[in-house]
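Inspection log for the structure reproduced underneath, given as structure tokens.
Taken together, the values in this text are just the output of simple stated rules run on the coordinates, not laboratory data. Since we're looking at a predicted model, the values are computed, not measured. Glycine also receives a Cβ, built like all others from the backbone with ideal geometry; neighbour counts cover every protein chain displayed.
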Amino acid sequence: MSEVKVRFAPSPTGPLHIGGARSALFNWLYARRYHGKFVVRIEDTDLERSSRESEENILSSLRWLGLDWDEGIAAGGPAGPYRQTERLALYSQYAEELLESGWAYRCYCSEEELAAQREAQLAAGEMVGYNGQCRNLSEAECQQLENEGRKPVVRFRVPEGKVLTVRDQVRGDVSFDCHGIGDFIIVKSDGIPTYNFAVAVDDHTMGITHVIRAEEHLSNTPLQILLFEALGWPVPEFAHISLILGKDRAKMSKRHGATSIQQYRDLGYLPEAMVNFLALLGWSPGAEEEVFTLDQVQEKFSLDRVAKSPAVFDLDKLNWLNGHYIKHSPVERIADLAVPYLRQAGYLPETVDESLMAKVRLVTIAVREYLDYLSQIADHAGVFFTDPGYDDPEAQAVLSGEQVPAVFAALREQLTGAAALDEDRARALLKQLPKELGLGGKLVYQPLRVGLTGKTKGPELYHLLPALGPAKVIERLEKALGSAI
RNA sequence: GGCCCCAUGGUCAAGUGGCCUAAGACACCGCCCUUUCACGGCGGUAACCCGGGUUCGAAUCCCGGUGGGGUCACCA
């Protein structure tokens, strides 16, 4: 078999969304697994809705996810250009070929006529499809209509009484009766090809061997096969992946919350978590291990382990995975990623120097175990950057304990003159304290926590101490003592 | 409505006729640890949509029903 070549062909009509990202991922995985090529092509034949901005967003999201492509937009390659609006001449050439061979014909029906027709069919409960009005127009009739100022579209002449079978790698054979398919438009009246036509031409001319895409395209496939056959081209292999559903089991859409990769990126999700999560949606490694990198999946990926049933997007699991990666990535990286969120919360200035960055790292160590995604850091990091108040009744109750002054004094004693304080020293010190004072842990640690943060819950004390530094610790404890009633 | 797809716990899913008195993960609920780390440890609740077949034997095969979804554009 020739080399595997797959593609991801988004329409730049919006940002890359979850479903598109998964399609791209599966294609990428397939290409890598079988040492083939991955092509990215832009399908911008919808002039109204397409934008360069969306295209940029899609490409940047793909790169962010780590899905690189061997050929295509921005990468170049032998079958370029890779933007459909730049391949118009190619489509006309094949449309012409189809017209000449009789597989296609010009249709002069107006949009109004078509709409009325469709409405009538729908009302009668019939199959919706073109009624073939212009199917056998003579040369003279065409000329006549054209003289009336009508702009024709080009339609494909769907053979009658034929049954088409899509050989699908995940679904098996799926058959469609041509009787249910009306003559469809392949070139619009403005000369722009229609989706199905452009796809067939591109997939062939780009040498695509496997078309892996979402299930919503399954019903388009017979039309494309018709085109391949009429043009005398080999039909590629197909694999239709089931849809990703929202909580209400309907296809994921904007009303389901964050649906674009960009949004997750902005919220502080890590690309490896997204990719890991997406890989698990509709595919299973078969083994028990579910946490893996792109490199690890590409070794195991195969279409026969792709699920046929649709999958509900489970935010809880994404959060868990992302939290997992946050906990296990190098602190430096997480701290760097956290900076924008801390800045946005007003905890950091525009420029962060090295000593401040050192503190951010300590803060990151202290709070990352509580995070599902990075933007949440703002909710946990406040105690490190803003001096607390002690109005909370619960806090007051703890602070009013009679042992509190002694506890604070003891810690202060330990800290005075201490230049720096690392986690190990903080742990040792904290462990010593109760013994030294002859008190139970709770009586020592609880007031310290409240004194330092104004709260009864929060980061570990041994993280708090180093991050705040001796001077700040002493300062806060004094203030806490002063505010005890 | 026509056509098409799908159907194991709340969710993702393993399972390709006997190994299933059905894995694992997320979520949830307990207990432990309770201020030393290690996705902390241990445990629990919870599922084969229904009805017919085929078979010695069905979650697994066939048919029907039901349910969910997709698609029916000069959008992709």
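Some values worked out for this structure:
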read-out: Which listed pairs, of A:LYS327/A:LYS442; A:LYS247/A:LYS317; A:LYS359/A:LYS435; A:LYS435/A:LYS455; A:LYS435/A:LYS457, have C-alpha distances above 18 Å, in listed order; value: A:LYS327/A:LYS442; A:LYS359/A:LYS435; A:LYS435/A:LYS455; A:LYS435/A:LYS457
read-out: Value at 222 nm in deg cm²/dmol, rounded to 500, when DSSP H runs of n ≥ 4 in chain A each add -39,500 (n - 2.57); value: -14500 deg cm²/dmol
read-out: Built amide H within the under 5 Å cut-off of A:VAL312, gap 5+; value: A:LEU245
read-out: Most to least packed among A:136-149, A:179-192 [average Cβ atoms within 10 Å]; value: A:179-192, A:136-149
read-out: Share, in percent, of DSSP beta bridges within the stretch A:1-125 that are antiparallel, nearest 5; value: 10
read-out: Test item: Cα-centred dipole of the stretch A:1-97, Lys/Arg +1 and Asp/Glu -1 on Cβ, debye; value: 480
read-out: Point-charge dipole on Cβ atoms (K/R +1, D/E -1) for the stretch A:298-366, about Cα centre, debye to 20; value: 260
read-out: Long-range HN-HN contacts of A:LYS5 with modeled amide H, under 5 Å; value: A:LYS37, A:THR209, A:HIS210
read-out: Isolated Cys in chain A, by beta carbon distance under 4.7 Å; value: A:CYS109, A:CYS142, A:CYS178
read-out: Karplus-derived HN-Hα couplings along the stretch A:257-265 (A = 6.51, B = -1.76, C = 1.60, θ = phi - 60°), whole Hz, x at Gly and Pro; value: x, 5, 10, 9, 4, 4, 4, 5, 4
read-out: Packing-based ranking, highest mean first, of A:60-68, A:374-382 given that Cβ atoms within 10 Å are counted; value: A:374-382, A:60-68
read-out: Separation between Cα centres of the stretch A:54-126 and the stretch A:136-195, rounded to whole Å; value: 13
read-out: Dipole moment magnitude, nearest 20 debye, chain A about Cα centre, only Lys, Arg, Asp, Glu C-beta charged; value: 1320
read-out: Mean-position separation - Cα centroids, the stretch A:440-485 and the stretch A:206-275, in angstrom; value: 53
read-out: Partner aspartates and glutamates for A:LYS472 [C-alpha distance under 18 Å; skip if fewer than 8 residues away on the same chain]; value: A:ASP387, A:GLU413, A:ASP422, A:GLU423, A:GLU460
read-out: Segments A:43-56, A:461-474 sorted - mean Cβ within 10 Å per residue, highest first; value: A:461-474, A:43-56
read-out: Nonlocal amide H pairs with A:VAL187, under 5 Å, H built at 1.01 Å; value: A:VAL154, A:THR194
